[in-house]
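Engineer: Structure incoming, see below.
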Amino acid sequence: MLYPQANEIRMTSKLDGMWKFSNTSQVDLKKPLTHAQLMAVPASFNDQTLDKQLSDYVGTVWYERNFAVQPETLQKRLVLRFGAVTHQAKVYINGQFVDQHVGGFTPFEFTINDYVQVGINDLKVAVSNILDNTTLPSAAYDEKTNHLEPRFDFYNYSGIHRPVVLYTTNFTYIDTFDINYQLTGEQAVVTPSAEIVGPYDQAMITYFDEDEVLLGQSSLGGSFMIDKPKRWNVMDAHLYAAEIKVYQKGQLLDTYRQEFGLRTIKVEDGQFYLNDKPVYFKGFGRHEDFIASGRGENLALTNLDFNIMKNLGANSFRTSHYPYSEEEMMLADKRGFLVIDEVAAVGLYNDFSVNTGISQTDSSTWQVLQTGKAHKQALKELVERDKNHPSVVMWSLANEPAGQQEGAYEYFKPLFEYMRTLDDRPLTVVNISMSGYQLDKVSSLCDVLCLNRYYGWYVDNDDLTKAKQDLAQDIEGWHELYPNKPIIFTEFGADTIYGKHSLYHEPYSEEYQWDYYEANFQVFDKYDYVVGEQLWNFADFKTSPSLIRVMGNNKGVFTRERQPKMVVKLLQKRWHKQN
């Protein structure tokens, strides 16, 4: 599925803006929504009003707007595309059901010529935020009481979260366009592939440098050699472009332009190599989360976050715990950030609760959860969307599953095998502390060990001396088991209330957060096979109400409004020195 692009053949029109909105259960598809209010799109609906019941609403809500179609538009293929709707969308045009999509973080589109008319058309979208034992993310849902208990520690924002676009193509059109290449020494051989629907007799590809310098041309199915290519590198991004044109008897039928970067990835001997040089991941776990917009796309905020991270000396982030917007991935390509791209497989732990923690005796996860089908589909959609991004250097198949329980290996093995048929980038599953090296059944499948550890917070709280000892023992245990696999710490952090200080460096103070990170860094630096540190979290974020969550999760090194906590100075000094 190609990202919408306007050119000499394709027209695009955004349907973002203020939509009618209602959470009424009864809707007449032939009539306008009744008792409707206005709701911004793209954005979550939860925090746009003062209605707490709506903020916490579980079930189906309705969005509606009109759009116009000109007579000449229907001479072409007309497509309606959603960047993401969380978590399930059913789409209706002029009272007719068009189609549906399940999965809240990847795009979907429908050809709608058979549903529209010249003039004004009515578009309705039914959006459900219900999650259960079959969905990603996973949640415990009681249909009788309509009670939903997330198995994850972030707010279950819902709505039309990413842009809605109408676009046109001819009836012969480019459906996929992928950049494949081999990079050896001073040469890159590029062999793009494409799926083209409809009749055509010629497809040509033209190549450009980052400065729009014409490099040459090849036919589809052929190859093109770039001499002495400039490689895409961490925080030093160089992007080429390939433009495909499809013809029939000399007439241009479709065209599409795809940016790409040239770089190599290799994992061996306990190191992660980018362009044959070892790289150290410095950065954060993050959330798409902000005031009012919720999880909705916020390009200004994304741009600010990237500038903040660059200023700190960070070079990476993980899309915790779901794919981020396509626009954010494009920006990562341009800025040179390394991305661990994670599917929305969070909550794969049956007896998880933010309030009560995780049961140490429960072993039923892989019997209770029935997420395999959704998981495979989500992986497919993620790779199809993001495979052309040079910033994506690793795929994460899940965050903190119950990897120590019986059935975990059998669940993940076919998913790893499937992913390796889709792409050759390194694979990982982010490991939770309860699934330590003594018990874990999944990490043998991984190329890189990604660990979430909270020694000094959830474990050894307020005893950083013991925390350092336990952390060191943990690292050494993993290395003894998998001596050739590098280790990245993808989460570690301590809740910190902005502006709270303590002479005694007590937990929740900014002083304790500084001490906590300094202690962890001292341990990491002892091991050359620890190749990354991604703090949890970049910024404070909203969660469901909880006695251990003071107005949300406060592990950010920035507040939700992006004001720095004291530890930012420590990070800035450390990460710039590591360069």
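Engineer: How high is the relative contact order of the chain? Use alpha-carbon pairs under 8 Å, at least six apart in sequence, and give a whole percent.
Structural biologist: Numbers: 1351 pairs, mean separation 71.1, N = 579.
Once normalised by length, the contact order is 12 percent.
Engineer: If Lys and Arg each add +1 and Asp and Glu each add -1, what is the summed charge of the other residues whose beta carbon sits under 10 Å from the beta carbon of ASP178?
Structural biologist: So the environment of ASP178 carries a net charge of -1.
Engineer: Next up: Which of the three applies to segment 265-578, rounded, prolate or oblate, going by the alpha-carbon gyration tensor with a ≥ b ≥ c and a/c under 1.5 meaning rounded?
Structural biologist: Because its axes are fairly even, with a/c under 1.5, segment 265-578 counts as rounded.
Engineer: I've got another one for you. Give me P(r) over segment 86-189, computed from all C-alpha to C-alpha distances, binned every 10 Å, as integer percentages.
Structural biologist: Bins of 10 Å from zero give 11, 31, 25, 19, 12, 3, 0 percent of pairs.
Engineer: For segment 29-176, what does the relative contact order come out to in percent, with C-alpha contacts under 8 Å and a separation of six or more?
Structural biologist: 32
Engineer: Put a dot 7 Å past each Cα toward the Cβ at LEU439 and PHE521; how far apart are the dots in nm?
Structural biologist: Computed distance between label sites PHE521 and LEU439 equals 3.2 nm.
Engineer: Once phi is turned into θ = phi - 60°, what whole-Hz ³J(HN,Hα) does the Karplus curve with 6.51, -1.76 and 1.60 give for every residue of segment 93-101, x standing for Gly and Pro?
Structural biologist: Those phi angles translate into 10, 6, x, 9, 6, 9, 4, 9, 9 Hz.
Engineer: How large is ³J(HN,Hα) for each residue in segment 102-109, as worked out from phi by the Karplus curve 6.51 cos²θ - 1.76 cosθ + 1.60 (θ = phi - 60°), to whole Hz, x for Gly and Pro?
Structural biologist: 10, x, x, 9, 10, x, 8, 8
Engineer: Percent of Cα-Cα pairs more than 27 Å apart in segment 364-496, please.
Structural biologist: Of the Cα pairs, 25 percent sit more than 27 Å apart.
Engineer: What is the local net charge at PHE521, summed over the other residues whose Cβ is closer than 14 Å to its Cβ (Lys, Arg +1; Asp, Glu -1)?
Structural biologist: +4
Engineer: Hey, another quick one. Please provide three numbers in whole Å: the alpha-carbon extents of segment 318-439 along the principal axes, with the largest listed first.
Structural biologist: 47, 31, 25
Engineer: Right, something else. Run through every distinct alpha carbon pair of segment 1-160 and return the Kirkwood hydrodynamic radius in angstroms, one decimal place.
Structural biologist: Across segment 1-160, the inverse of the average 1/r is 16.9 Å.
Engineer: On average over all directions, what projected area in square nanometres does the chain have, based on the convex hull of its Cα atoms?
Structural biologist: Its Cα hull, projected and averaged over all orientations, spans 26.7 nm².
Engineer: Expressed in nm to one decimal, what extension gain is obtained for the pair THR24 and LYS266 from 0.36 nm per residue of sequence separation less their Cα-Cα distance?
Structural biologist: Details: separation 242, 0.36 × 242 = 87.12 nm, distance 5.28 nm.
Difference between extended and current length: 81.8 nm.
Engineer: Percent of alpha carbon pairs in segment 224-342 separated by more than 20 Å?
Structural biologist: That tail contains 54 percent of the Cα-Cα pairs.
Engineer: Now for a different question. How high is the relative contact order of segment 241-373, given as a whole-number percent (alpha carbon pairs under 8 Å, six or more residues apart)?
Structural biologist: Over segment 241-373, the number comes to 14 percent.
Engineer: Convert 10 °C to kelvin, take the viscosity as 1.306 mPa s, use the Kirkwood radius over C-alpha pairs of segment 262-326 as Rh, and evaluate the Stokes-Einstein diffusion coefficient in µm²/s, rounded to a whole number.
Structural biologist: Values: Rh = 13.8 Å.
Value of D from the Cα-based Kirkwood radius: 115 µm²/s.
Engineer: Next question. Setting aside same-chain residues fewer than 8 positions from LYS573, which aspartates and glutamates have a Cα under 13 Å from its Cα?
Structural biologist: Within the straight-line limit of under 13 Å, LYS573 reaches these aspartates and glutamates: GLU518.
Engineer: Hey, another quick one. Lys/Arg Cβ at +1, Asp/Glu Cβ at -1, dipole of segment 265-578 taken about the Cα centre: which of GLY294, LEU304, VAL568 is farthest positive-ward?
Structural biologist: LEU304
Engineer: Determine the alpha carbon to alpha carbon distance for each of LYS230/LYS282; LYS31/LYS542; LYS14/LYS376; LYS266/LYS413; LYS90/LYS380; LYS20/LYS555 and list only those over 26 Å.
Structural biologist: LYS31/LYS542; LYS14/LYS376; LYS20/LYS555
Engineer: What list of ³J(HN,Hα) couplings, whole Hz, do you get for segment 29-41 from phi and the Karplus terms 6.51, -1.76, 1.60, once you set θ to phi - 60° and write x for glycine and proline?
Structural biologist: 5, 8, 10, x, 4, 9, 6, 8, 10, 9, 9, 6, 10
Engineer: Another question about this same structure. Need one number for segment 380-420: average projected area of the convex hull over its C-alpha atoms, nm².
Structural biologist: Computing the convex hull of the Cα atoms and averaging its projections yields 3.4 nm².
Engineer: Using modelled amide H (1.01 Å from N, peptide plane; none on Pro or chain starts), what sits under 5 Å from the amide H of ILE488, excluding residues fewer than 5 places away?
Structural biologist: For ILE488, whose amide H was placed from the backbone, the distant partners under 5 Å are LEU449, CYS450, LEU451, VAL531.
Engineer: Given a Förster distance of 41 angstrom, what is the FRET efficiency for SER219 paired with MET330, based on the Cβ-Cβ distance and rounded to 0.05?
Structural biologist: E(calc), rounded to 0.05, equals 0.90.
Engineer: Let me ask something additional. Report for the chain the percent antiparallel among DSSP-assigned beta bridges with both residues inside it, nearest 5.
Structural biologist: 75
Engineer: Hey, can you rank 18-28, 49-59 by average C-beta count inside 10 Å, highest first?
Structural biologist: 18-28, 49-59
A short reminder: the numbers here are calculations on the coordinates, not readings from a lab. Remember, predicted model here, so these are calculated numbers, not experimental data. All Cβ positions, even for glycine, are placed from backbone atoms using ideal geometry, and neighbour counts span all protein chains on display.
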